[in-house]
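The values are calculated or read from the model by the stated rules, or taken from the named source; none is laboratory data. All values derive from a computational prediction rather than experimental measurement. Methodologically, a virtual Cβ is constructed for each residue, glycine included, from the backbone with ideal geometry; neighbour enumeration extends over all protein chains shown.
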């Protein structure tokens with residue numbers, strides 16, 4: 001039996017115990033001659049994660065150190081490492097050690113620009129730190145600092161400062177002297193109050209005060225006119241001051257406080273995201289909706305909101321809306337007009353008139369329900385001469401709703417009135433129209449949703465492409481066999497319904513709809529699925545594809561690569577593979593089945 005030759009492992013094994021504590025001599029040895037040479041050449045010294053309990057003394061004296069081997073001058077060799085070309089230390093990284101204190105000799109590093117001291121056990125800072133006149137970036141997070149020396153506030157060149165995850169209970173008004181700061185993180189401390197001098201930090205772009213014990217914010221906090229990101233979550237705030245002066249603020253996070261009402265946001269024209277979850281807010285006001293028309297995200301879950309205003313639809317650009325766990329018992333009709341919504345959550349409310357399966361069915365299901373309810377409500381409330389809604393009615397609902405009226409046409413002057421009312425949605429479904437009303441193009445600047453289903457329309461005019469803001473079109477249950485190529489210019493279209501028509505193939509224009517997410521094409525005569533690079537493969541955002549009950553003979557295996565599909569419906573077609581048992585398992589199983597059958601290329 002042959003003996004195996006032992007192989008030497010290349011892995012360097014550290015014999016130190018996890019809880020090994022170095023003595024001062026061992027700490028000094030961590031600063032090797034090689035590190036000193038590198039530091040003098042580059043102006044940077046990294047001693048992070050070395051188990052240091054103290055800082056080697058030569059760190060503070062590194063700018064004056066002259067190594068023995070450099071004393072003899074040899075003009076024949078490269079001068080790259082020579083002492084007369086050395087760089088003063090500008091970056092020092094002492095992070096991730098167990099350093100408890102710093103020497104007063106830190107003042108010797110006069111050229112220091114960046115100092116990293118995070119993840120240590122510092123309980124105090126030496127007064128001499130205030131003499132680092134060039135210091136611009138300082139990280140002190142994850143230490144045990146309770147106070148800052150008064151000399152700290154002489155670091156007037158600081159641009160970036162993090163003191164998070166310490167135990168600070170107080171900062172002095174002199175903090176306002178650090179006027180060059182653009183980033184400040186004071187989160188995860190024990191601050192109960194902020195000094196009024198904070199308002200002088202007018203260059204701040206990002207301020208994090210989260211996870212403290214603040215009961216209020218100083219009035220001059222609104223002087224931070226360059227602030228873009230403001231985080232005050234997990235404090236004890238009962239109110240927020242009027243924030244209108246923060247005209248550049250883009251993100252406000254005030255989750256987990258005791259806030260009872262929305263602040264005045266008038267003037268916050270750049271605000272995109274508001275987080276106010278876990279507070280005590282009872283109302284979203286009409287003023288708020290009027291002020292926040294550019295908002296993208298509103299998270300107000302776990303509050304006490306009882307009512308949404310009718311003008312909630314003014315939040316036209318809202319994409320994420322979380323109202324979970326509030327006290328809502330009804331919803332405004334116009335909520336269905338918020339066509340940009342990608343996520344809406346309403347679970348945990350008292351919405352007895354909304355079935356639980358709708359609440360839990362996702363955003364698409366909820367928005368479809370809300371749109372249907374708009375139709376029902378407007379029809380039941382409209383009691384007008386000639387059965388046409390007037391400008392006031394359309395202005396209030398931002399919709400022209402005339403479904404199920406047995407209409408054969410819609411007068412053009414109705415669309416003129418709708419344009420004046422800035423209508424967003426037109427519903428002329430369940431009528432007897434044989435063509436798309438020409439007046440629709442008068443709404444080209446405002447129209448986002450067009451419902452034409454259940455008519456006898458046999459063609460769509462190319463001019464429909466002028467309605468460039470359209471996001472949802474329902475052409476189901478008509479007599480259509482094709483769509484104009486110009487419809488491919490509707491780059492904002494997210495949902496297209498063409499079910500129950502006479503299509504023999506997916507119209508070419510569909511493949512140009514870059515933002516299409518939902519394509520409903522069931523109950524047609526479609527015979528093939530084109531997955532080529534200039535067809536379905538172009539639709540990178542397509543999430544729902546319904547081709548139920550068509551005439552599809554084969555399903556291309558390459559369809560399995562469309563992993564972005566959340567829902568793929570293929571039942572009721574002529575193909576033999578995949579079999580019904582695979583189709584019944586759902587989209588993930590169908591895509592997996594198809595991927596396994598993609599032919600492999602021979603090498």
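Inspect all residues belonging to segment 270-290 and state whether any of them is in a loop (DSSP other than H, G, I, E, B) and closer than 30 Å to residue 545 by Cβ. So that I can check it myself, show each step before the final result.
We begin by selecting, within segment 270-290, every residue in a loop (DSSP other than H, G, I, E, B); these are 270-272, 276-282, 284-285.
Restricting the remaining residues to those that are closer than 30 Å to residue 545 by Cβ gives none.
Among the residues of segment 270-290, not one is in a loop (DSSP other than H, G, I, E, B) and closer than 30 Å to residue 545 by Cβ, which makes the answer no.
Would you point out which residue out of 280, 266 is surrounded by fewer than 17 Cβ atoms within 10 Å (Cβ to Cβ) and in contact with a helix residue (DSSP H, G or I) (Cβ under 6 Å, 6 or more places away or on another chain)? It would help to see each step written out before you state the result.
Working: 280 fails: in contact with a helix residue (DSSP H, G or I) (Cβ under 6 Å, 6 or more places away or on another chain).
None of the other options fit; the residue is 266.
Among the numbered conditions (1) farther than 27 Å from residue 448 by Cα; (2) assigned to a loop (DSSP other than H, G, I, E, B); (3) touching a helix residue (DSSP H, G or I) at 6+ places or on another chain (Cβ under 7 Å), tell me where residue 504 comes up short.
Going through the list (1) farther than 27 Å from residue 448 by Cα; (2) assigned to a loop (DSSP other than H, G, I, E, B); (3) touching a helix residue (DSSP H, G or I) at 6+ places or on another chain (Cβ under 7 Å), residue 504 breaks only (3).
Could you list all residues from segment 434-444 that are in a loop (DSSP other than H, G, I, E, B), in contact with a helix residue (DSSP H, G or I) (Cβ under 8 Å, 6 or more places away or on another chain) and farther than 20 Å from residue 516 by Cα? Steps first, please.
Initial filter on segment 434-444 (in a loop (DSSP other than H, G, I, E, B)): 434-437, 444.
From what is left, the residues that are in contact with a helix residue (DSSP H, G or I) (Cβ under 8 Å, 6 or more places away or on another chain) are 436-437, 444.
The answer is 436, 437.
May I ask you to list the residues in segment 404-425 that are in a loop (DSSP other than H, G, I, E, B) and surrounded by fewer than 19 Cβ atoms within 10 Å (Cβ to Cβ)?
Of segment 404-425, the ones in a loop (DSSP other than H, G, I, E, B) are 404-411, 421-424.
The answer is 404, 405, 406, 407, 408, 409, 411, 422.
Could you say whether any residue in segment 426-433 is on the phi < 0 side of the Ramachandran plot, part of a loop (DSSP other than H, G, I, E, B) and at pLDDT below 85? Step through it out loud before you land on a result.
From segment 426-433, those on the phi < 0 side of the Ramachandran plot are 426-429, 431-433; that's our starting set.
Then keep just the ones that are part of a loop (DSSP other than H, G, I, E, B); that gives 428-429, 431-433.
Pick out the ones that are also at pLDDT below 85 and you get none.
No - not one qualifying residue is present in segment 426-433.
Is it fair to say residue 161 is touching a helix residue (DSSP H, G or I) at 6+ places or on another chain (Cβ under 9 Å), crowded, with 20+ Cβ neighbours inside 10 Å and either under 22 Å from residue 51 (Cα atoms) or modelled with pLDDT of 95 or more (or both)?
Working: touching a helix residue (DSSP H, G or I) at 6+ places or on another chain (Cβ under 9 Å): no; crowded, with 20+ Cβ neighbours inside 10 Å: yes; either under 22 Å from residue 51 (Cα atoms) or modelled with pLDDT of 95 or more (or both): yes.
For residue 161, the condition - touching a helix residue (DSSP H, G or I) at 6+ places or on another chain (Cβ under 9 Å), crowded, with 20+ Cβ neighbours inside 10 Å and either under 22 Å from residue 51 (Cα atoms) or modelled with pLDDT of 95 or more (or both) - is not met.
Farther than 28 Å from residue 173 by Cβ and surrounded by fewer than 16 Cβ atoms within 10 Å (Cβ to Cβ): is that true of residue 275 in this structure?
Values: farther than 28 Å from residue 173 by Cβ: yes; surrounded by fewer than 16 Cβ atoms within 10 Å (Cβ to Cβ): no.
When the stated conditions are applied, residue 275 does not pass them.
State whether the residues of segment 481-494 include one that is closer than 28 Å to residue 566 by Cα and part of a strand (DSSP E or B).
Within segment 481-494 (the criterion being closer than 28 Å to residue 566 by Cα and part of a strand (DSSP E or B)), the answer is no, since none of the residues qualifies.
Is there a residue in segment 562-579 that is touching a helix residue (DSSP H, G or I) at 6+ places or on another chain (Cβ under 7 Å), at pLDDT 90 or above, surrounded by 16 or more Cβ atoms within 10 Å (Cβ to Cβ) and assigned to a strand (DSSP E or B)?
Scanning segment 562-579, I find at least one residue that is touching a helix residue (DSSP H, G or I) at 6+ places or on another chain (Cβ under 7 Å), at pLDDT 90 or above, surrounded by 16 or more Cβ atoms within 10 Å (Cβ to Cβ) and assigned to a strand (DSSP E or B), so the answer is yes.
Please specify each residue of segment 507-537 satisfying the condition of being surrounded by fewer than 17 Cβ atoms within 10 Å (Cβ to Cβ) and within 25 Å of residue 362 (Cβ to Cβ). I'd like the intermediate steps shown before the answer.
Of segment 507-537, the ones surrounded by fewer than 17 Cβ atoms within 10 Å (Cβ to Cβ) are 508, 514-515, 525, 527-528, 530, 532-535, 537.
Within segment 507-537, 514, 515 qualify.
Residue-wise test of (1) modelled with pLDDT under 95; (2) closer than 20 Å to residue 339 by Cβ.
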{"residue": "265", "(1), (2)": "yes, no"}
{"residue": "280", "(1), (2)": "no, no"}
{"residue": "289", "(1), (2)": "yes, yes"}
{"residue": "294", "(1), (2)": "yes, yes"}
{"residue": "309", "(1), (2)": "yes, yes"}
{"residue": "319", "(1), (2)": "yes, yes"}
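Take segment 522-544 and flag every residue that is within 28 Å of the chain's Cα centre (by Cα) and assigned to a loop (DSSP other than H, G, I, E, B). First the steps, then the outcome.
Our first condition is that a residue be within 28 Å of the chain's Cα centre (by Cα); within segment 522-544, this holds for 536-544.
Scanning segment 522-544 gives 539, 540, 541, 542, 543.
Name the single residue that is farthest from residue 485 (Cα to Cα) among those in segment 449-464 being free of Cβ contacts under 8 Å to residues at least 40 places away in the same chain and not in a loop (DSSP other than H, G, I, E, B). Give the steps one after another, and end with the answer.
Narrowing segment 449-464 to residues free of Cβ contacts under 8 Å to residues at least 40 places away in the same chain: 450, 452, 454-464.
Restricting the remaining residues to those that are not in a loop (DSSP other than H, G, I, E, B) gives 450, 462-464.
Numbers: 450: 18, 462: 8, 463: 11, 464: 11 Å.
Per the stated criteria, the residue is 450.
Collect the residues in segment 234-246 that are within 14 Å of residue 206 (Cα to Cα) and surrounded by fewer than 21 Cβ atoms within 10 Å (Cβ to Cβ), keeping them in residue-number order.
Here is the first cut: in segment 234-246, the ones within 14 Å of residue 206 (Cα to Cα) are 246.
Listed by number, the list is empty, since nothing qualifies.
Let's see how each residue does on (1) at pLDDT below 90; (2) part of a strand (DSSP E or B); (3) within 25 Å of residue 123 (Cβ to Cβ); (4) in contact with a helix residue (DSSP H, G or I) (Cβ under 7 Å, 6 or more places away or on another chain):
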| position | (1), (2), (3), (4) |
| --- | --- |
| 49 | no, no, yes, no |
| 54 | no, no, yes, yes |
| 59 | no, no, yes, no |
| 64 | yes, no, no, no |
| 72 | yes, no, no, no |
| 75 | yes, no, no, no |
| 79 | yes, no, no, yes |
